[in-house]
Amino acid sequence: LLHSNIRQIKAEKDICREDTDKLASQREVLLIKCAEAEDNNRALRSELRENQLKLQDTGKLKEQHEKVLDRLTQSDAANTDLRSSLLDMDKQISQLSRQVAAEKEEAEAYKHLPKTSE
């Protein structure tokens, strides 16, 4: 009976040792997985920071683009106003040129009229 108990205790001890080895091995695997997860988390955080910076840069670029578009729109409006003013001036110049030409013709006509004594 004593030998039987000793064998049983040895068998249980062996089983305990095997279980302890399995648990130690599982622990090592879990530690490796944990370290990999931490590395992944660091990489993801870094990527997130980079993406946030890119997003901020994109926002700034969008703002700059909108400002440029606004200035371009204002410039186009100013150019349209200038063209309109130039057209008005062209009309005035044409009108004045016709008026000068008419006055020249009138002056020429007066030159050719016989002089009357006053």
Give me the one-decimal nm value for the distance between modelled label points at SER94 and ARG42, 7 Å along each residue's Cα-to-Cβ direction.
7.8 nm
Going by alpha carbons, how many degrees (0 to 90, nearest 10) lie between the helix axis of 2-112 and the longest principal axis of the chain?
0 degrees
Carbon plus sulfur, as percent of the 1.4 Å-probe accessible area of the chain, comes to 56 percent
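Quick one, can you get me the convex hull of the C-alpha atoms of segment 78-118 expressed as volume per residue in Å³? Before the final figure, lay out each step's value.
Working: hull volume 1.9 nm³, N = 41.
Enclosed volume per residue, from the Cα hull, is 46 Å³.
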Any idea what diffusion coefficient segment 24-78 gets from Stokes-Einstein, in µm²/s, Kirkwood Rh on alpha carbon pairs, 37 °C, 0.692 mPa s?
221 µm²/s
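Residues of the chain: accessible area per residue at 1.4 Å, in Å²? Can you show the working numbers first?
Values: 11600 Å² over 118 residues.
So the chain comes to 98 Å² accessible per residue, rounded to a whole number.
The values are calculated or read from the model by the stated rules, or taken from the named source; none is laboratory data. No experiment lies behind these values; they were computed from the predicted model shown. Positions of Cβ are generated from backbone atoms using ideal geometry, with glycine treated the same way; all protein chains shown enter the neighbour counts. The protein model used for the area step is the full one, side chains on, heavy atoms only, and it has no ligands, DNA or RNA in it. Shrake-Rupley method; radii C 1.70, N 1.55, O 1.52, S 1.80 Å.
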